[in-house]
Amino acid sequence: MQKLKVKGKNILSGEIKISGSKNATLPILAASILSEKKIDLKRVPIVKDVVTMCHLLKYMGSNIKINSQKKNILINNKNKKFKNIAPYSFVKTMRAGVIVLGSLLARFGKAKVSLPGGCAIGTRPVDIHLYGLKRLGAKIKIKNGYIFAEAKKGLTGAQIKFPSISVGATENVIIAASLASGITYLKNCACEPEIKNLTDFLNKMGANISWLGKREIKIMGCKKFNHVSHQVMFDRIEAGTFIIAGALIGKKLKISGIQTRFLNTEIKILRKMGVRMQISKDHIYILHSPKIKPVKIKTEPYPGFPTDLQAQMIVLMTKAKGKSQIKENIFENRFMHVPELNRMGAKINTLGNLSYVEGPQNLNGAEVMATDLRASVSLVLAGLIANNQTIINRVYHLDRGYEDLEKKLRQCKAKISRIF
Ligand code: UD1
């Protein structure tokens with residue numbers, strides 16, 4: 001099994017170009033099922049989850065080609081017959097697989113999609129997805145670990161208020177409603193920039209979706225779609241991760257290929273912590289930041305602080321002089337990096353969904369275990385600032401969502417390599 005070896009204490013400088021967003025690419029790929037016309041996606045991150053979604057689409061019958069060099073994906077589903085089944089083997093490794101449910105149902109009136117099951121960071125149910133699709137007229141049954149959904153006469157527009165905010169459920173229902181008959185009004189939607197990227201993609205393809213307010217969307221169902229060429233937005237979480245790396249051990253580290261207006265909350269919190277930054281519209285310079293101050297923050301749906309940056313932020317909190325606090329409001333079991341960070345010398349105490357971090361602490365290299373995607377990258381960050389060497393096991397988690405992580409860090413003078 002592959003491992004990462006990080007030799008700590010090397011100052012990062014140079015430039016890191018941020019890749020396209022994994023979380024924007026996955027629902028866009030799921031939405032491709034809706035159309036028979038050519039789809040050309042640019043700036044696609046070639047990471048494991050994206051490849052798995054492509055394999056799932058291929059399994060179902062899609063004609064899909066990945067160009068890893070050019071970072072683009074071409075899809076042409078003209079005259080293609082689809083198997084409207086998403087098997088467990090795909091959905092278990094990548095929960096976002098459940099988003100094909102909305103497109104299969106809208107296009108073919110029938111779908112069988114595996115329930116994603118639990119994962120390391122929590123139970124991750126799909127009740128809100130199913131609630132939304134039922135409101136559009138789908139009949140849904142759960143049997144043998146699968147969701148069986150049917151809408152014999154097609155889906156019909158409806159007024160839907162989500163009982164709580166879910167990124168995936170909002171995406172699933174938007175995709176389904178774009179091909180439903182009539183108008184759909186959605187309330188209490190998630191409003192992550194990746195969802196806006198999805199609605200931009202669908203609108204370019206011929207859908208009629210408008211954001212009426214921060215959490216309200218109107219969708220006028222349409223019958224067919226056009227050819228579309230679409231550039232995926234930058235990866236906010238990858239950007240946030242490298243900004244934190246710069247704050248930890250950078251000296252004029254440039255993070256480019258971003259839109260800083262989507263990072264306002266993160267920038268505000270980092271400034272409060274004493275991170276020195278020069279901010280432009282499409283890049284940030286992180287300057288040497290020796291005086292990190294403690295903060296008290298919580299994770300929330302966008303525009304709040306993202307749960308996907310919580311683990312990385314905890315590493316920065318170990319450098320702050322004083323006691324920081326972070327509350328995890330999105331997933332119930334997302335502090336699995338804490339015991340590993342404590343083994344490296346951090347002083348973090350977790351009580352329920354709250355972690356208290358006492359700093360500043362000097363971290364020491366150790367052999368550690370990655371447990372999920374973002375926890376893994378927090379261990380890489382810890383390795384970058386630790387004395388001696390850190391070995392990170394189970395790096396396949398990292399490969400699900402970070403494109404060329406080691407290469408990007410090495411170009412900025414980090415000492416990091418993969419052991420096979
Ligand atoms: C997406 C992101 C993930 C991010 C998360 C929260 C993708 C591919 N993944 O995941 O990286 O961490 O948003 O920003 O975009 N829930 C229910 N019932 C449901 C759906 C969700 O109870 O039907 C709960 C979840 O268990 C969780 C919370 O709602 O506690 C938020 O989940 P959700 O926003 O749906 O996250 P994902 O779409 O799975």
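The values are calculated or read from the model by the stated rules, or taken from the named source; none is laboratory data. Everything numeric in this text was worked out from a predicted model, so none of it was measured. Methodologically, a virtual Cβ is constructed for each residue, glycine included, from the backbone with ideal geometry; neighbour enumeration extends over all protein chains shown. The protein model used for the area step is the full one, side chains on, heavy atoms only, and it has no ligands, DNA or RNA in it. Shrake-Rupley method; radii C 1.70, N 1.55, O 1.52, S 1.80 Å.
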Q. Just to be sure, is N362 in contact (Cβ under 8 Å) with a residue 60 or more places away in the chain and part of a loop (DSSP other than H, G, I, E, B)?
A. no
(Q) So W211 passes all but one of these: (1) in a strand (DSSP E or B); (2) touching a residue at least 40 places away in the same chain (Cβ under 8 Å). Which condition number does it fail? (A) (2)
Q: Say whether the condition of being among the aliphatic types (A, V, I, L, M), part of a loop (DSSP other than H, G, I, E, B) and closer than 20 Å to G401 by Cβ is met by at least one residue in the stretch 263-279.
A: no
**Q.** Cβ-Cβ under 6 Å pairs, at least 6 apart or on other chains, the stretch 290-315 side in the same structural domain as D372 (by TED's automatic domain parsing), far side within 13 Å of the ligand (Cβ to nearest atom) and open to solvent by 50 Å² or more (accessible area, probe 1.4 Å)
**A.** K298/N329; T299/N329; T299/I330; E300/N329; P301/I165; T307/I330
Q: Being away from the ligand (no atom under 16 Å from the Cβ), open to solvent by 40 Å² or more (accessible area, probe 1.4 Å) and of a type in the set (G, A, S) narrows it down to one of S35, S13, S68, so name that one.
A: S68
Q: Quick one: I258 ticks every box in (1) crowded, with 20+ Cβ neighbours inside 10 Å; (2) free of Cβ contacts under 8 Å to residues at least 60 places away in the same chain; (3) away from the ligand (no atom under 16 Å from the Cβ); (4) over 18 Å from I385 (Cα atoms) except a single one, so which number is it?
A: (2)
Q) Mind checking which residues of the stretch 156-199 are closer than 23 Å to N264 by Cα and either away from the ligand (no atom under 13 Å from the Cβ) or among the basic types (K, R) (or both)? A) K196, T199
Q. How many residues are closer than 18 Å to S35 by Cβ and not aliphatic (A, V, I, L, M) when one looks only at the stretch 216-237?
A. 10
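Among the candidates I237, I195, single out the residue that is within 19 Å of the chain's Cα centre (by Cα), surrounded by 18 or more Cβ atoms within 10 Å (Cβ to Cβ) and under 28 Å from N76 (Cα atoms).
Only one candidate passes the filter, namely I195.
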Q.
So, in the stretch 284-341, how many residues would count as being among the aliphatic types (A, V, I, L, M) and more than 21 Å from Y402 (Cβ to Cβ)?
A. 7
Q. How many residues are within 16 Å of the ligand (Cβ to nearest atom), of a type in the set (S, T, N, Q) and more than 24 Å from A180 (Cα to Cα) when one looks only at the stretch 82-108?
A. 1
